[in-house]
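Following: one structure in structure tokens, then a few remarks.
Read-outs throughout are calculated quantities, based only on the coordinates presented, and are distinct from any laboratory measurement. Computed from a predicted model, the values in this text were never measured in an experiment. In this analysis, Cβ positions are derived from the backbone assuming ideal geometry, glycine residues included, and neighbour counts consider all displayed protein chains.
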Amino acid sequence: MSEVTVAIPTFRRPQGLKRLLDALAKLETTANVSVLIADNDAEKHEGHDLCQQIRTSGYRWPLRSVIVTERGIAQVRNALVENALADPHMQFVAMLDDDEWPEPQWLDVFLRAQSTTGADVLQGSILFDFEHQPDAWAAHFDGMQDIRSTSGPCEMLQGAGNLLIARSALETLPRPWFDPAFALTGGEDRDFFMRLKTNGAHFAWSDEALAHTIVPASRTSLKWALSRAYSIGNSDMRVFLKYGPSLGAKV
């Protein structure tokens with residue numbers, strides 16, 4: 001029976017985190033699951049408080065939460081990995097963001113795909129649920145389309161949301177796992193994948209390991225789309241320059 005820690009970074013999204021925790025409680029899985037939350041809001045720590053409330057009232061899985069005082073997504077992800085590895089029984093880390101939630105079969109689908117492919121890191125597909133239907137132009141913008149791919153081994157992954165990572169891939173990667181230089185800009189996930197790749201890790205995609213993400217109306221404007229495209233382009237170029245043309249071209 002697989003031992004899986006579901007690791008969730010959160011920052012001022014208690015409603016989204018509650019939706020995610022509710023979905024995890026409904027998983028149809030044979031795995032032994034524990035849930036780990038890292039809250040990056042040291043001031044209000046709404047996510048941490050929510051976890052305490054849920055744990056007190058009773059939750060299906062063992063539930064832990066930590067507060068990460070240093071601001072940055074890389075720092076939060078590093079705290080999640082460090083705390084997950086502290087459990088000697090943990091075999092896999094499954095990462096979900098606090099605006100995502102999985103379908104009931106999500107975890108078992110992931111684990112079957114890992115067993116079939118032998119991959120060290122797998123990504124599942126993410127379906128976008130819009131609060132308000134976006135304008136027609138959004139259909140041509142990658143940032144507003146479902147993130148899907150063909151199941152099986154692949155050259156590169158697309159983001160740190162909806163991942164399954166084997167313990168061995170994390171233990172053999174030099175610390176910090178996520179580069180703090182990307183803490184406030186994003187791109188820490190692309191850099192993480194490049195470091196895994198150069199360390200010999202194998203990747204795979206599982207199109208059937210489905211998670212959903214909510215897209216608020218504020219993220220369907222042209223202004224937001226242009227800002228998002230610029231941010232992604234900037235972080236991708238930083239990764240490209242860090243690893244050089246031969247590896248950076250795979251970003």
Compute the FRET efficiency between LYS223 and ASP49 as 1/(1 + (r/R0)^6), taking r as their Cβ-Cβ distance and R0 = 30 Å, and round to the nearest 0.05. 0.35
In the range 74-111, whose amide N lies under 12 Å from the spot 7 Å out along Cα-to-Cβ of LYS26? List them in ranges. 101-105
Taking the beta-carbon count within 10 Å as an exposure proxy, list PHE192, PHE11 from fewest neighbours to most. PHE11, PHE192
What is the Cα centroid distance between the range 23-87 and the range 108-131, reported in whole angstrom? 20
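Semi-axes of the equivalent ellipsoid of the chain: what are they in whole Å, largest first, if each equals the square root of 5 times a C-alpha gyration tensor eigenvalue?
The equivalent ellipsoid of the chain has semi-axes of 25, 23, 19 Å.
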What is the range 9-93 by shape, rounded, prolate or oblate, if you read a ≥ b ≥ c off the alpha carbon gyration tensor as root eigenvalues and call it rounded for a/c under 1.5, prolate for a/b larger than b/c, and oblate otherwise? oblate
Name the long-range amide H neighbours of CYS154: under 5 Å, sequence gap of 5 or more, or other chain; modelled H, no Pro or chain starts. PHE203, ALA204, TRP205
Quick one: how many lysine pairs in the chain have C-alpha atoms under 19 angstrom apart, if they're 8 or more apart or on different chains? 5
Pseudo-spin-label distance ALA86 to GLU155, built 7 Å along Cα→Cβ, given in nm, is 4.0
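Kindly provide the Kirkwood hydrodynamic radius of the range 1-46 in Å, to one decimal, from all pairs of distinct alpha carbon atoms.
On the way: mean 1/r = 0.0856 Å⁻¹.
Hydrodynamic radius (Kirkwood, Cα only) of the range 1-46 equals 11.7 Å.
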Which residue, PRO102, PRO174, PRO153, has the most motion in a Gaussian network model of the chain that connects Cα atoms within less than 10 Å? PRO174
Rg/Rh (Cα only; Kirkwood hydrodynamic radius) as it applies to the range 1-145: 0.98
Phi to ³J(HN,Hα) by Karplus 6.51 cos²θ - 1.76 cosθ + 1.60 over the range 94-103, Hz, x for Gly, Pro: 10, 9, 9, 7, 7, 10, 10, 7, x, 7
With charges set only on the Cβ (+1 for Lys and Arg, -1 for Asp and Glu), what does the dipole of the range 3-248 come to about its Cα centre, in debye to the nearest 20? 340
Which residue, CYS154, SER65, MET237, has the largest displacement toward the positive end of the dipole of the chain when charges sit on each Cβ (Lys, Arg +1; Asp, Glu -1)? MET237
For the pair GLU3/SER57, report the inter-label distance in nm, with labels modelled 7 Å from Cα in the Cβ direction. 3.0
